[in-house]
Structures are given as C-alpha cells and as structure tokens.
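Student: Below are the structure tokens for one structure; questions will follow.
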Amino acid sequence: MASKQRGLMTSGVIWKELLLFSIPLLLGNLFQLLYNTVDSIVVGNFVGHQALAAVGASTPLINMLIGFFMGVAAGAGVLVSRFFGARKLEELHIAVHTFVAFTFLFGVLMMVAGITLTPLFLQWMGTPADIMEMAVLYLRIYFLGIIPTMLYNSGAGILQAVGDSRRPLCFLTIASVLNIILDLVFVIQEHGRGRGGLGDADRADGVLHSGGGHAAAVKGKLPDHPEENPD
C-alpha cells in the first residue's frame with residue numbers, strides 16, 4: 001500500500017511531499033536550460049568566438065521555446081491530475097493520448113515553421129550579419145529535433161501530474177551527461193578535421209532529446225492509484 005501511495009500528495013506530511021516533489025522538478029527545469037549552456041562552453045573553447053556568438057544569439061529563442069513547452073505540459077497536466085485524482089481512468093487515458101497526439105502534430109508544425117522562418121526570427125532579434133549563417137545553421141538543427149523535445153516535455157508533464165517528478169529527472173540527468181560527452185566527441189572530432197563543429201553540438205542535443213523522449217514514452221507508465229478508502 002505504501003508503494004502505491006508514493007508520490008501522491010493526498011497522504012503523509014504535506015510539506016515533506018511537496019518538498020520531495022518540487023526538488024526534482026526544479027532540477028529538471030535547470031538541466032533543460034543547461035543544454036544550450038553546454039553547447040556554448042564547448043563551441044567557445046573548441047570552435048571559436050563566432051560560433052560562440054552564434055549559439056548565444058539563438059539562446060533567447062530556445063529558452064523561450066523551452067518555457068513554452070513546459071507551460072503547455074503544465075496546462076495538460078491539470079486535466080491529467082484531475083482525472084487521476086477522481087479515478088476516472090477512461091478520461092485519463094483519453095487525455096493522455098490526446099495530449100501526446102497534439103504534441104506530435106504541433107511539433108511537426110513547429111519544425112516546419114521554425115526551419116523556414118529561422119532567418120526571419122534571427123533578424124528580428126538583431127543578429128549580426130557576420131554570425132548569421134552559423135546562427136541559422138544552429139537554430140535550424142534545433143528545430144529539426146524539436147519533436148523529441150516536445151514529446152519529452154509532454155511525457156514529463158504527464159508523469160509530474162500524477163506525482164512522479166523523479167523519473168523525468170533521471171532521464172534528463174542521463175541525457176545531460178551524455179550530451180556533454182557527445183558534444184565533446186562530435187565537436188572536437190569534426191573541428192579537428194577542419195569541418196566546423198557548431199552543427200555537431202546541436203546534433204548531439206538532437207540525439208539526446210530523441211533518446212529522452214523515447215525513454216519517457218516507453219517508461220512513462222502511470223502509477224497505480226491507491227485503493228479508494230471507504231467513507
């Protein structure tokens with residue numbers, strides 16, 4: 001019975017349950033924002049100052065998109081948590097499947113629009129002409145992998161809505177460590193061959209986001225709901 005109630009906030013000490021839930025949540029949000037920071041550090045040290053400036057020019061838009069994904073996931077989580085708490089399993093499954101399908105379709109739209117409009121976005125942000133080409137490359141590769149990013153956030157939002165904030169953090173921690181390793185491997189290897197390296201940093205992010213999204217989809221089993229207490 002205790003294992004079934006783990007992560008639920010309807011039993012136990014309230015402040016302790018909130019604390020145990022919020023710490024992984026905050027760390028997960030931090031790790032997502034650190035993806036771009038790692039790219040900046042790697043390309044700044046091994047590619048050059050222009051590549052670093054190109055990553056920096058893309059950072060505001062990427063952080064805005066990450067915040068938007070988190071907000072959408074939190075909104076969908078309201079419905080998921082309500083149905084889960086009310087033990088309406090059929091409505092819960094419909095809400096989860098609808099949200100995942102919406103995330104995928106909206107991700108396709110975002111990918112196409114982002115790849116097409118990337119130069120316009122960077123112009124609106126006042127990106128200097130000398131780094132425009134590299135910034136466009138970096139941002140277009142990011143948009144190319146935006147579907148796994150959105151699917152990860154949807155999976156994490158669903159799990160967090162039912163009280164599980166630890167499992168998304170585990171996936172994201174593993175992905176963050178591997179991101180650092182792949183950044184170094186891709187960028188240093190390609191830069192050593194004289195073939196840039198900026199795009200390879202973003203490809204590493206794409207690989208890890210794909211893996212994280214797949215893991216969240218495969219392992220994102222909703223916890224069993226505790227038996228209803230008799231009135």
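Student: Show me, for the range 64-81, the HN-Hα J-couplings you get by feeding each phi into the Karplus relation (A = 6.51, B = -1.76, C = 1.60, θ = phi - 60°), rounded to Hz, glycine and proline as x.
Tutor: Using θ = phi - 60°, the values come out as 5, 5, 4, x, 5, 4, 4, x, 4, 5, 5, x, 5, x, 4, 5, 4, 5 Hz.
Student: Please turn the phi angles of the range 43-50 into ³J(HN,Hα) values with the Karplus equation 6.51 cos²θ - 1.76 cosθ + 1.60 (θ = phi - 60°), one per residue in order, whole Hz, x for glycine and proline.
Tutor: 5, x, 8, 10, 10, x, 5, 5
Student: Also, quick follow-up: At a Förster distance of 35 Å, what's the computed FRET efficiency of K16 paired with V185, Cβ-Cβ distance as r, to 0.05?
Tutor: After rounding to 0.05, the efficiency reads 0.25.
Student: In whole Hz, what ³J(HN,Hα) sequence does the range 120-135 give by Karplus (6.51, -1.76, 1.60; θ = phi - 60°), x for Gly and Pro?
Tutor: Each residue's phi maps through the Karplus curve to give 5, 4, 5, 5, 4, 7, x, 5, x, 5, 6, 10, 4, 4, 5, 5 Hz.
Student: Next up: Taking 1 over the mean of 1/r across every pair of different Cα atoms in the range 35-122, what Kirkwood radius in Å do you get?
Tutor: It is 15.6 Å.
Student: Net charge around V80, counting only other residues with Cβ within less than 11 Å of its Cβ (Lys, Arg = +1; Asp, Glu = -1)?
Tutor: Values: positive: R82, K88; negative: E91.
Surrounding charge for V80 is +1.
Student: Quote to one decimal, in nm, the extra length available between R82 and L120 on full extension: 0.36 nm per residue of separation minus the C-alpha distance between them. Don't skip to the answer; put the middle values down first.
Tutor: Details: separation 38, 0.36 × 38 = 13.68 nm, distance 4.05 nm.
Roughly 9.6 nm would be gained on extension.
Student: Sticking with this structure for a sec: When all protein chains stay in place, what accessible area (Å², nearest 10, 1.4 Å probe) is found for D164?
Tutor: Counting only protein heavy atoms, the figure is 30 Å².
Student: How big is the accessible area of H93 in square angstrom, nearest 10, if you roll a 1.4 angstrom probe over the protein chains?
Tutor: 90 Å²
Student: Provide the gained length on full extension for the span T173 to T98, in nm with one decimal, where the gain is 0.36 nm per separating residue minus the Cα-Cα distance.
Tutor: Residue separation times 0.36 nm, minus the Cα-Cα distance, leaves 24.3 nm.
Student: Turning to a different aspect of this structure: For the range 1-156, state the semi-axes of the equivalent ellipsoid (square roots of 5 times the eigenvalues of the alpha-carbon gyration tensor), sorted largest first and rounded to whole angstrom.
Tutor: Largest first, the range 1-156 gives 37, 20, 10 Å.
Student: Keeping all protein chains in place and using 1.4 angstrom, which order do M125, M110 fall into by accessible surface area, from largest down?
Tutor: Numbers: M125 75, M110 35 Å².
Ranked list, largest accessible area first: M125, M110.
Student: Quick one: divide the alpha-carbon radius of gyration of the range 73-183 by 2.2 N^0.38 Å and tell me what you get.
Tutor: Relative to the rule-of-thumb radius for its length, the range 73-183 sits at 1.34.
The values are calculated or read from the model by the stated rules, or taken from the named source; none is laboratory data. Note that the structure is a prediction, hence the values are computed from the model and not measured. All Cβ positions, glycine included, derive from the backbone under ideal geometry; neighbour counts span all protein chains shown. Surface accessibility is based on the protein's heavy atoms, side chains included, excluding ligands, DNA and RNA. Shrake-Rupley method; radii C 1.70, N 1.55, O 1.52, S 1.80 Å.
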